[in-house]
Amino acid sequence: MNLRFLSAGESHGPQLTAVVDGLPAGLPLSADDVNPWLKKRQGGYGRGRRMAIEADRVFFAAGVRGGRTTGAPLALVIENRDWKNWREIMDPAAGNWPRKKALTTPRPGHADLTGGIKYGHKDLRDVLERASARETAMRVAVGAIAHKLLSELGVESIGYVPEFAGIASTVPFSWELRETIETSQVRMTDPEAEKRVIEAIDRAREAGDTLGGLLEARFRGLVPGLGSYTQYDRKLDGRIAQMVMSIPAVKGVEIGEGFKNAALPGSQVHDAIYRDDERGWYRSSNRAGGLEAGMTNGEELVVRAALKPIATLMKPLHSVDVVSHQEADAARERSDVTAVPAASVILEALTAIVLADAYLEKFGGDTLDEIKERVSAYRRRAREY
């Protein structure tokens with residue numbers, strides 16, 4: 001990887017932290033480039049009380065000076081405001097068993113049981129604190145920085161929800177609907193579908209249940225040739241799929257019309273190739289979703305993901321206590337009814353990380369100006385090919 005990062009931190013610990021390495025020097029960057037993404041991640045109808053407690057803001061602890069990256073590793077911090085209520089519970093010092101707020105009854109669909117078995121924990125809070133989707137706040141911050149780099153290279157993106165709780169939008173996506181998506185409480189293109197979804201969320205809340213949906217991220221302005229066909233681990237669709245499947249609760253991913261295409265003959269699947277002097281190379285359709293043979297082909301990249309309902313239910317499912325081995329209801333932690341709108345923001349941000357890494361892989365350079373020059377020259381060469 002050319003763009004590397006690691007994150008650390010627990011859901012109720014003092015902060016989330018990340019170190020990002022590989023960014024070029026000279027990238028204009030401020031907290032204002034990141035904080036709107038963090039706010040969007042916390043938004044959406046159906047979120048829980050935690051979103052009212054936290055108002056995520058990023059702090060650059062290293063790697064930025066005078067509003068530009070220096071080329072050194074970037075250190076990011078997001079404070080957890082709720083930590084003040086958890087200081088004693090999350091204290092790293094040695095303590096007595098049982099700990100306060102110890103969790104011993106695993107939740108079906110979560111990391112609790114398997115994580116406890118794997119790492120030998122009987123207090124499953126040691127698992128859930130890191131397995132929590134709170135971890136994605138920092139990855140969205142990293143994704144916002146990746147998005148900033150992509151925007152400097154002529155790439156723009158949007159994340160939205162085409163289907164929510166089985167209710168599909170009847171308004172096809174277009175870039176002109178960006179404002180509709182950004183102002184929608186559920187990030188949909190269809191106001192009528194949005195009303196029905198909100199009603200479904202209210203019913204689920206009353207029933208103590210949770211809801212899932214489909215997510216979609218689109219990127220346009222990408223050059224052809226990001227990724228490679230030469231080795232399995234360089235194929236861009238594989239790299240995107242790995243990142244997308246790492247989002248908590250995502251259980252499926254496709255590029256373009258992947259699953260639909262599996263039922264069709266090739267004549268109705270593959271995108272015919274055209275060329276003219278004005279547009280250069282282009283396709284008449286985009287069923288491939290902008291990726292062929294592990295590489296971008298210059299068309300719009302379309303990434304879709306399936307998000308299952310959140311695992312924490314207010315009317316919990318059957319479980320078994322890991323200490324007493326007695327039957328019990330699954331533990332209940334403060335939770336959302338749904339995180340589908342937020343997950344579409346996460347999908348967009350995390351896909352941006354993969355694409356930014358692919359740009360740095362192909363075009364290299366220690367400064368942003370070097371990379372821009374190389375991208376510009378390559379665009380000309382690809383157009384004239």
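The values are calculated or read from the model by the stated rules, or taken from the named source; none is laboratory data. Because the structure is predicted, anything quoted here is derived from the model rather than measured. Cβ: placed from backbone, ideal geometry, glycine included. Neighbour counts: every protein chain shown.
Can you find a residue in segment 207-219 that is assigned to a helix (DSSP H, G or I) and either at pLDDT 95 or above or aliphatic (A, V, I, L, M) (or both)? Looking for residues that are assigned to a helix (DSSP H, G or I) and either at pLDDT 95 or above or aliphatic (A, V, I, L, M) (or both), one finds at least one in segment 207-219, hence yes.
Within segment 79-86, is there a residue that is under 20 Å from the mean Cα position of the chain (by Cα), surrounded by 14 or more Cβ atoms within 10 Å (Cβ to Cβ) and outside any loop (DSSP other than H, G, I, E, B)?
yes
Look at segment 59-87: where a residue is of a type in the set (K, R) and a partner is in a helix (DSSP H, G or I) and surrounded by fewer than 17 Cβ atoms within 10 Å (Cβ to Cβ), sitting 6+ places away or on another chain with Cβ atoms under 8 Å, you get R81/I53. Here A272 meets each of (1) in contact with a Lys or Arg (Cβ under 8 Å, 6 or more places away or on another chain); (2) touching a residue at least 60 places away in the same chain (Cβ under 8 Å); (3) among the aliphatic types (A, V, I, L, M) with one exception, condition (2).
Among the residues of segment 125-158, just one is at pLDDT below 95 and polar (S, T, N, Q), namely S132. Selection of segment 1-50 for residues being out of contact with any strand residue (DSSP E or B) (no Cβ under 6 Å at 6 or more places or on another chain) and among the small types (G, A, S) yields S11, G13, S30, G43, G44, G46, G48.
Pairs linking a residue in segment 8-27 that is without any contact (Cβ under 8 Å) to a residue 12 or more places away in the chain to a residue that is assigned to a strand (DSSP E or B) and buried (at least 16 other Cβ atoms within 10 Å of the Cβ), with Cβ atoms under 6 Å and 6 or more positions apart or on different chains, are A8/T17.
Of the residues in segment 100-109, at least one is without any contact (Cβ under 8 Å) to a residue 24 or more places away in the chain and not small (G, A, S).
Of all residues in segment 117-131, which are surrounded by 21 or more Cβ atoms within 10 Å (Cβ to Cβ) and either of a type in the set (D, E) or in contact (Cβ under 8 Å) with a residue 40 or more places away in the chain (or both)? Matches in segment 117-131: L124, L128.
When each of E278, E257 is tested for being surrounded by 12 or more Cβ atoms within 10 Å (Cβ to Cβ) and charged (D, E, K, R), the lone residue that passes is E257.
The strands (runs of 3 or more DSSP E) found entirely in segment 279-385 that carry 1 or more residues being of a type in the set (V, I, T), in contact (Cβ under 8 Å) with a residue 40 or more places away in the chain and in contact with a strand residue (DSSP E or B) (Cβ under 7 Å, 6 or more places away or on another chain) are 301-307, 318-320.
Find all pairs meeting these conditions: Cβ atoms under 6 angstrom apart; at least six residues apart or on different chains; first residue within segment 186-202 and more than 23 Å from E176 (Cα to Cα) and in contact (Cβ under 8 Å) with a residue 12 or more places away in the chain; second residue hydrophobic (A, V, I, L, M, F, W, C) and in a loop (DSSP other than H, G, I, E, B). Matching pairs, first to second residue: A200/A165; I201/V337.
Report yes if T189 is of a type outside the set (D, E) and surrounded by fewer than 20 Cβ atoms within 10 Å (Cβ to Cβ), otherwise no. Judged against the criteria, T189 is not a match.
Is it true that E216 is charged (D, E, K, R) and within 20 Å of the chain's Cα centre (by Cα)? Taking the combined requirement at face value, the residue satisfies it. For segment 224-234, the criterion of being surrounded by 15 or more Cβ atoms within 10 Å (Cβ to Cβ) and assigned to a strand (DSSP E or B) is met by at least one residue. Out of the residues in segment 137-186 that are touching a Lys or Arg at 6+ places or on another chain (Cβ under 6 Å) and part of a helix (DSSP H, G or I), state the one that is surrounded by the most Cβ atoms within 10 Å (Cβ to Cβ). Only one residue tops the list, namely V140.
Among the residues of segment 367-384, those that are closer than 17 Å to G71 by Cβ and either surrounded by 14 or more Cβ atoms within 10 Å (Cβ to Cβ) or modelled with pLDDT under 95 (or both) comprise T367, L368, E370, I371, K372, R374.
Filtered by the rule that a residue be more than 22 Å from the chain's Cα centre (by Cα), of a type outside the set (D, E, K, R) and at pLDDT below 95, segment 332-366 gives G364, G365.
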